[in-house]
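To keep things clear, I will list the structure first and then write my remarks on it.
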Amino acid sequence: MSNVTLQESSELVPTYKKKSQKAEVWRRFCRNKKAVVGLIMLCVLIFAAIFAQYIAPYDPIEQNLKNRLQKPSVEHIFGTDELGRDILSRVIYGSRISVSVGLIAVGIACLLGGFLGAIAGYYGGSLDNVIMRFMDIAMAIPSILLNIAIVSALGSGLQNMMIAIGISTMPRYCRIMRSSIMSVRDQEFVEASKAAGASDFFIITQHIIPNSMAPMIVQISMSVGTAILSCASLSFIGLGIEPPTPEWGAMLSTGRDFIRNSPHITTFPGAAIMFAIYAMNLIGDGLRDALDPKLKD
């Protein structure tokens, strides 16, 4: 007769815990090397934005005409611009504007578009037709023209630029949320909540939206890069951030007159824009693959 007790034998049996959905998504995301690289790049960008005052070697708005148009050197790694300002410091401080615009503008678009899309998808009927026709009209206008029109009406500045980019991006979130909710609203758990007497607000916020967030998360990651590019475009044409505040698009605009003799003035701000957009695209691709149930292993 074995001396192993029932308790001891039960300890020898391996126990397996079912991984949560978030842990499974994170595991699949981490297996995507490109997505991890994009996440590291985004962390570098956010770190530079938060600690810009400690990382930047010089004051980004301090002018020194004796050092104007200097090429990259040990003293000024990215060189200096037409007013003798250190380009590296301005690029680092410019990350604050880009990160802020990217996150806040996309947040505005996600909240407004998601709310309207949830109402349209859940109730349907004439309300759905009215909301979606407005979204179709907004999507028919090129985003850059809509941004220019809104900023021209509200005035240039950081807050107005965020509002403009958020409004121009909102129709995408509205359509995505609407289609996701229409595929979820007739499922059994929604019918059970209705039978239990739950209000429409409770059903939408507690049951339908959480189960429709996967495509929205992917769209958010993709739209941050687009918002950064839109911010740079508006600043490039003079409708964004006003000088001397460092912003990548404005730096490109002021440096284009010196692009032949001093190409470094536009090269490094342009590279920073590319860096941010590429990072968000890698993260978006990784999230799309991680949240796709067809790719589960």
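The values are calculated or read from the model by the stated rules, or taken from the named source; none is laboratory data. Keep in mind the model is a prediction, meaning the values are calculated, not measured. Counting neighbours? That spans all protein chains shown, and the Cβs are built from the backbone with ideal geometry, glycine included.
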Open item on the list: Residue under question is Tyr93, and the condition is that it be farther than 22 Å from Met274 by Cα and of a type in the set (Ser, Thr, Tyr); does it hold?
Closed with: no
Open item on the list: Exactly one of these conditions fails for Lys19: (1) surrounded by 10 or more Cβ atoms within 10 Å (Cβ to Cβ); (2) of a type outside the set (Val, Ile, Thr); (3) modelled with pLDDT of 75 or more; (4) out of contact with any helix residue (DSSP H, G or I) (no Cβ under 7 Å at 6 or more places or on another chain). Give me its number.
Closed with: (3)
Open item on the list: Can you find a residue that is touching a Lys or Arg at 6+ places or on another chain (Cβ under 6 Å) and either part of a helix (DSSP H, G or I) or crowded, with 23+ Cβ neighbours inside 10 Å (or both) anywhere in the range 222-234?
Closed with: no
Task: Of the criteria (1) without any contact (Cβ under 8 Å) to a residue 60 or more places away in the chain; (2) surrounded by 18 or more Cβ atoms within 10 Å (Cβ to Cβ); (3) under 30 Å from Thr267 (Cβ atoms), which one Leu145 fails - done: (2)
TODO: Identify the single condition in (1) under 21 Å from Lys22 (Cβ atoms); (2) modelled with pLDDT of 80 or more; (3) not small (Gly, Ala, Ser) that His207 does not satisfy, given that it satisfies every other one.
DONE: (2)
Open item on the list: Just to be sure I understand, how many residues within the range 243-253 are touching a residue at least 40 places away in the same chain (Cβ under 8 Å), touching a helix residue (DSSP H, G or I) at 6+ places or on another chain (Cβ under 8 Å) and surrounded by fewer than 20 Cβ atoms within 10 Å (Cβ to Cβ)?
Closed with: 1
TODO: Keeping to the range 130-160, report how many residues are under 25 Å from Arg178 (Cβ atoms), of a type in the set (A, V, I, L, M) and more than 23 Å from the chain's Cα centre (by Cα).
DONE: 4
TODO: Scan the range 77-95 for residues that are surrounded by fewer than 22 Cβ atoms within 10 Å (Cβ to Cβ), modelled with pLDDT under 90 and at negative phi and jot them down.
DONE: Glu82, Leu83
Task: Failed condition for Gly125, given (1) farther than 27 Å from Gly166 by Cβ; (2) at pLDDT 90 or above - done: (2)
Open item on the list: So if I check each of Met182, Met170, Met161, which one is on the phi < 0 side of the Ramachandran plot, of a type in the set (A, V, I, L, M), in contact (Cβ under 8 Å) with a residue 24 or more places away in the chain and touching a Phe, Trp or Tyr at 6+ places or on another chain (Cβ under 9 Å)?
Closed with: Met182
Task: Condition check for Gly240: among the small types (Gly, Ala, Ser) and in contact with a Cys (Cβ under 9 Å, 6 or more places away or on another chain) - done: yes
Task: Sole residue being modelled with pLDDT under 90, in a helix (DSSP H, G or I), among the aliphatic types (A, V, I, L, M) and more than 30 Å from Pro246 (Cα to Cα), chosen from Val4, Val99, Val25 - done: Val25
- [ ] Determine which member of the set Ala232, Ala192, Ala227 is without any contact (Cβ under 8 Å) to a residue 60 or more places away in the chain and at negative phi.
- [x] Ala192
TODO: Report yes if Pro72 is part of a loop (DSSP other than H, G, I, E, B), in contact (Cβ under 8 Å) with a residue 40 or more places away in the chain and either within 15 Å of Tyr93 (Cβ to Cβ) or touching a helix residue (DSSP H, G or I) at 6+ places or on another chain (Cβ under 9 Å) (or both), otherwise no.
DONE: yes
Task: Single unsatisfied condition, Leu239 versus (1) aliphatic (A, V, I, L, M); (2) crowded, with 19+ Cβ neighbours inside 10 Å; (3) in a helix (DSSP H, G or I) - done: (3)
Open item on the list: Please go through (1) part of a loop (DSSP other than H, G, I, E, B); (2) touching an Asp or Glu at 6+ places or on another chain (Cβ under 9 Å); (3) not small (Gly, Ala, Ser) for Tyr122 and return the number of the only condition it doesn't satisfy.
Closed with: (1)
Task: Extreme residue, modelled with the lowest pLDDT, among residues of the range 239-297 that are more than 30 Å from Lys71 (Cβ to Cβ) and of a type in the set (A, V, I, L, M, F, W, C) - done: Leu295
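Say we look at the range 182-201 and pick out the residues that are under 28 Å from the mean Cα position of the chain (by Cα) and assigned to a helix (DSSP H, G or I); which of these is nearest to Asn129 (Cα to Cα)?
Result: Met182.
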